[in-house]
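Undergrad: Have a look at this one before I ask anything.
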Amino acid sequence: MEYIAINLQEKLAKFSDHWSPKIIAQMNDYHFKLAKFQGDFVWHSHADTDEVFIALAGEVTIEFRDGKAYLKTGEMFVVPKGLEHKPFAEKECKIMLVEPAGTINTGEAGGDLTAENNIWI
């Protein structure tokens with residue numbers, strides 16, 4: 001049997017839409033998702049889970065009601081569960097998200113930027 005590594009660059013090349021995470025792997029009950037961020041997202045939170053942001057290329061700011069976290073290529077940040085946040089990327093940023101399977105990108109906020117869930121690439 002041959003075991004095949006997941007190539008992140010090949011997966012990122014398969015889509016161009018922003019704010020629409022795509023699943024590339026599952027570990028236990030967690031999904032590894034790739035996304036492209038550009039512009040402003042919505043204020044939201046995830047009541048039941050932390051959310052991990054890993055900047056693969058580019059820069060992203062995660063805004064909070066009382067401050068900001070700045071990530072550049074090669075950095076990660078864990079947003080604690082229940083903490084309201086809003087990602088923003090001036091230029092396109094490539095991100096990996098790690099979160100429980102079934103997590104909705106806009107949390108409880110909903111709205112036009114809510115991505116279709118469970119899309120594998």
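Undergrad: Identify all residues within region 17-73 that are among the hydroxyl-bearing types (Ser, Thr, Tyr), without any contact (Cβ under 8 Å) to a residue 24 or more places away in the chain and over 18 Å from Leu83 (Cβ atoms); write none if there are none.
TA: Within region 17-73, just Thr73 meets the criteria.
Undergrad: Next question. Among His31, His85, which is the only one that is over 25 Å from Asn7 (Cα atoms) and buried (at least 20 other Cβ atoms within 10 Å of the Cβ)?
TA: Only one candidate passes the filter, namely His85.
Undergrad: A follow-up question, please. So, in region 1-28, of the ones that are charged (D, E, K, R), more than 23 Å from Ile62 (Cβ to Cβ) and in a loop (DSSP other than H, G, I, E, B), which residue ends up nearest to the chain's Cα centre (by Cα)?
TA: Lys14
This table checks each residue for (1) surrounded by 16 or more Cβ atoms within 10 Å (Cβ to Cβ); (2) modelled with pLDDT under 95; (3) hydrophobic (A, V, I, L, M, F, W, C).
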position: Met1; (1), (2), (3): no, yes, yes
position: Ser45; (1), (2), (3): yes, yes, no
position: Gly58; (1), (2), (3): yes, no, no
position: Lys68; (1), (2), (3): no, no, no
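Undergrad: On the given criteria, is Asn118 modelled with pLDDT under 95 and surrounded by 15 or more Cβ atoms within 10 Å (Cβ to Cβ)?
TA: Spelling it out, it is not the case that Asn118 is modelled with pLDDT under 95 and surrounded by 15 or more Cβ atoms within 10 Å (Cβ to Cβ).
The values are calculated or read from the model by the stated rules, or taken from the named source; none is laboratory data. Keep in mind that this is a model prediction, so the values were computed, not measured. For neighbour counting, all protein chains shown are included, and Cβ atoms are generated from backbone atoms with ideal geometry for every residue, glycine included.
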